[in-house]
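We did not get these values from a lab; they are worked out from the coordinates using the rules stated. Computed from a predicted structure; not experimentally measured. Neighbour counts are summed over all protein chains in view; Cβ atoms, including those assigned to glycine, are modelled from backbone coordinates with ideal geometry.
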């Protein structure tokens, strides 16, 4: 093969040639620690950048956002987080 050598394929079946640079960006993976302790502003940023949905922000991180302007509802977030993740599911 012309500009490299074959090292396998993607799940799509497309061949992978070396040298190749492949960049994969993902969000909301694995994480570290209790998601209910994550900074609400960081969660809001993830929603604004499309990594996390508004529903996931509420369900998974306990962060309540206004659907129109993505402002953080501090009182609702505090109330939701007070019970902890286990009680919300």
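Could you sort 43-49, 55-61, 33-39 so that the peptide with the highest average Cβ count within 10 Å comes first and the rest follow in order?
On the way: 43-49: 16.3, 55-61: 18.9, 33-39: 13.3.
So the order, starting with the most tightly packed, is 55-61, 43-49, 33-39.
Two decimals is fine: what is log10 I(q)/I(0) at q = 0.16, 0.23, 0.29 Å⁻¹ for the range 24-83, from a Debye sum with one equal scatterer on every Cα and no solvent?
Here log10 of I(q) over I(0) equals -0.44, -0.89, -1.35.
Roughly what would the spin-label model give for residue 49 and residue 32, points 7 Å off Cα along C-beta, in nm?
1.6 nm
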